[in-house]
1. Counting helices only, and only those DSSP H runs with n ≥ 4, report the 222 nm mean residue ellipticity of the chain as the sum of -39,500 (n - 2.57) divided by its residues, in deg cm²/dmol to the nearest 500.
2. For 231, 318, write out the residues from largest to smallest accessible area, computed with a 1.4 angstrom probe and no ligands counted.
3. Report the residues of segment 71-109 in range of a label on residue 334: point 7 Å along Cα→C-beta, backbone N strictly under 20 Å from it.
4. Using a 1.4 angstrom probe on the protein heavy atoms only, could you order 160, 255 from most to least accessible area?
5. How large is the dipole of segment 9-162 about the Cα centre if only Lys and Arg carry +1 and Asp and Glu carry -1, each at its Cβ, rounded to the nearest 20 debye?
6. What is the distance, in nm, between label points placed 7 Å from the Cα along the Cα-to-Cβ direction at residue 236 and at residue 300?
7. Could you give the nm distance between label points at residue 355 and residue 89, where each point is 7 Å from its Cα heading toward the beta carbon?
8. Classify segment 153-237 from the C-alpha gyration tensor, please: rounded if a/c falls under 1.5, else prolate or oblate depending on whether a/b exceeds b/c.
Amino acid sequence: MESNSRPTPPNLDAIAGCLTGTAVGDAIGLPYEGVSPRRAPRLLGPPDRHRLLFGRGLFSDDTEHTCMVLQSLLAANGDVTNFQRDLARRLRWWLITLPAGTGRATAQAILKLWLGFPPPRSGVFSAGNGPAMRSAILGVMLPLEQISQFVKVSSELTHSDPKAFHGAMAIALAAHLAARQQWVTGDEYLALLSDQLHDTSAEELLTLITQAIAAINNYDSTQAYCDSLGMTRGVSGYVYQTVPISIHAWLRHQSDYRSAIQDVIRCGGDADTTAAIVGGIIGSSVGPHGIPEGWKTGIVDWPLSTSWIDRLAEAATMESGSSIPTLSVPSRLIRNLLFLPLVLAHGFRRLAPPY
Ligand SMILES: [Mg+2]
């Protein structure tokens with residue numbers, strides 16, 4: 001790209017809403033990750049509050065990656081090659097902090113980066129939802145004509161299967177529309193998506209989105225749509241499961257953050273990621289004030305916190321050259337080591353009834 005200035009973002013509300021919406025969805029969904037939709041209500045109760053640690057919530061990789069994408073976008077000043085290089089560097093150091101529950105393809109790709117593979121060739125052939133979970137913020141920040149190239153270089157860092165890119169585009173374009181207009185019709189969204197995905201290998205995704213829109217027109221709940229696709233044991237991390245479910249919940253509840261998050265979590269499976277994705281899209285439309293207050297104040301994480309996220313969102317509206325908030329590697333490593341017993345406790349809890 002020729003441009004040497006930061007892309008003009010829409011406004012602080014949309015950016016802060018996307019980041020906070022991702023973070024809150026991630027934290028509310030995290031205790032439900034990997035639990036089947038049938039067992040979750042008996043084991044944990046309904047997804048109406050934080051349930052990870054005595055009524056408090058913590059973040060996972062979905063929030064961290066979304067923040068890293070925005071940091072890299074700001075650092076790159078509109079240059080797509082610099083953006084990819086910067087994001088590769090941030091991902092490398094992120095893995096050193098020993099994050100829990102890293103996606104397999106993402107971890108393998110980052111190890112390849114450490115071994116010296118160049119960023120355009122570090123991705124492994126996987127259609128996991130890693131690129132989709134970090135792409136809403138790109139749609140919020142970038143003008144339409146730049147979204148595809150930035151989503152592409154972000155996706156190929158970790159996942160080389162074109163499906164991973166298509167799914168990430170579906171999320172970025174949803175967030176792009178949500179940040180810019182009050183209401184989006186399913187047909188309008190589908191038209192934009194088919195226009196941006198020329199590749200014939202995207203047809204499967206377009207069919208799934210078409211089915212999601214038909215289900216909405218039929219007043220089907222997200223859970224009913226989920227069941228109709230055969231995901232009775234929960235939504236997997238396969239991008240063509242994660243993305244259609246998230247798009248359904250967004251189109252059905254565009255201005256109702258709480259209902260959308262609860263609906264995708266009730267579908268079970270990779271609940272932190274589906275909730276983070278839907279939360280990022282709807283958050284960019286409703287802004288931070290449209291997100292339940294108790295869900296925001298119930299997050300007690302460190303060093304990545306809700307106030308740090310607010311500072312990052314503010315930095316995104318500043319002139320290029322202003323400082324970008326960062327988090328130190330040692331502090332994040334300490335946090336993750338402290339977080340580990342909690343992950344193990346949840347693991348053991350799941351071995352016990354009710355099943
Ligand atoms: Mg996660």
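1. -19000 deg cm²/dmol
2. From most accessible down to least: 318, 231.
3. Residues 93-100 qualify, since their backbone N sits under 20 Å from the label point.
4. Solvent-accessible surface, decreasing: 255, 160.
5. So the magnitude is around 540 debye.
6. Going from the residue 236 label point to the residue 300 one covers 3.7 nm.
7. Taking the simple label geometry, residue 355 and residue 89 are separated by 5.1 nm.
8. Taking the square roots of the gyration eigenvalues as a ≥ b ≥ c, segment 153-237 is oblate.
The values are calculated or read from the model by the stated rules, or taken from the named source; none is laboratory data. Just so we're clear, the structure is a prediction, and the values are computed from it rather than from any experiment. Don't worry about glycine lacking a Cβ; one is built from the backbone with ideal geometry, like all the others, and counts go over all protein chains shown. Ligands, DNA and RNA are excluded from the accessible area calculation, which covers all protein heavy atoms including side chains. Shrake-Rupley method; radii C 1.70, N 1.55, O 1.52, S 1.80 Å.
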